[in-house]
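Have a look at the structure below before the remarks.
Quick note: the coordinates plus some simple rules give every number you see, no bench work behind them. All of these numbers come straight from a predicted model, not from anything done at the bench. Positions of Cβ are backbone-derived with ideal geometry, glycine not excepted, and every protein chain shown enters the neighbour counts.
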Amino acid sequence: MTSQTFANGYALLIGVGADLPVTVQDATALRDVLVDPNCAAYPPAQVTLLTEAAATRQQVLAAFDQTIAQVNQNPEATVIVYYSGHGGRIQSTDAYFLVPYGYDPSQRAATAIAGLEFTEKIEAIKARKLVVLLDCCHAGGVPALKEAGEAFVKTPLPPDLLHVLGTGSGRVVVASSREDEFSYTGNPYSAFTACLLEALQGKAAVNQDGFARILDILIYLFHQVPQRASGSQHPYVNKVLDLGDNFPLCYYAGGSKFLPGEVPNPPESNNPTATSLTPWQRRQLEGRRDALMPEWELRSQKVKLMRKELAIEVGTAVKFQLEQQLLDEEAKLSQLAAALDEIEQKLNQ
């Protein structure tokens, strides 16, 4: 297999460890998939992995600064920030914090990462394609708090993060579960990360184009995680209402369109791009375009109606089902748009 490098890919991966050893396995496995030249094919120098003793507050914040400096020099960057560990808020004050390695409840400010600090680091990443993955709220021990009687409430993501990523369809935050749910561990990976790894390796791909695309990945997570978790667990995505660009997050087969063991289909004998179009080829393409346009218009209207319905729905179960359906429809709409664009490019050659 001939591999290419996904040259604009960057990642910061954090697996805290301590009372959650699976988080180290999760983050390490994700790194291995991302730097694999026959899979995601990110440049290894652009992927930072912090686990256990390397994932203290100071080292995490320093790694953020290094990633920010790298990414902000590349306007074409695609960025993954992944955190696996405890995250939540103190019930009495509503203060959110992440729990890195070395957390000391008597020195919270010096050893934890406040939600606002994390959000500010994310905001400083200027990439148009940014995906934040938070595998928090594990069904594990609750972090100790400074004051007796304080309650730590497991919360999937820092509340400020939603406002920061509220604009731009390419800036997405994905939490492994909703606020009233655990994120379940498994063997060898958590349910969420196991599904994420599969999606990045091509299992979520709808079109055989060599790319693991964001909408396809999200649909896979929405469908697979609830089936694989030991209890009720449903991923949360902040951009269901305006995710329209099904952008590539990475390769799934090192730049090839085919996974290992797959046999490519034989090339078509009539390839419209090989030479200038004959009148018959032009009529074929125009006919296909005219056949696709009504479906594109119908799906566009359906997506608009579904967005309106989702915006007013308050029931958690119904809302989750609508989110799944909307992501699926938006992915199909994106595929239609890509097919129409390809036809127009061929007709204009």
Give me the one-decimal nm value for the distance between modelled label points at residue 179 and residue 311, 7 Å along each residue's Cα-to-Cβ direction. 2.2 nm
Stretch residue 348-residue 187 to full length: gain in nm at 0.36 nm per residue minus the Cα-Cα span? 52.7 nm
So for 128, 89, fewest C-beta neighbours within 10 Å to most, what's the order? 128, 89
By the mean-Cβ-within-10 Å protection proxy, highest first, 333-339, 177-183 rank as 177-183, 333-339
Apply the Karplus parameterisation 6.51 cos²θ - 1.76 cosθ + 1.60, with θ equal to phi minus 60°, to every residue of the stretch 119-126 and state each ³J(HN,Hα) to the nearest whole Hz, in sequence, with x for glycine and proline. 4, 5, 5, 5, 4, 6, 7, 8
Given 21-33, 197-209, the highest-first ranking by average Cβ count within 10 Å works out to 21-33, 197-209
Would you grab the residues whose amide H sits under 5 Å from the one on residue 133? Only those 5+ places off in sequence or on another chain, please, with H modelled 1.01 Å from N. 81, 82, 83, 174
By per-residue mean of other Cβ atoms within 10 Å, what is the highest-first order of 246-252, 81-87? 81-87, 246-252
Total formal charge among the other residues, if their Cβ is under 14 angstrom from that of residue 328, Lys/Arg +1 and Asp/Glu -1: +1
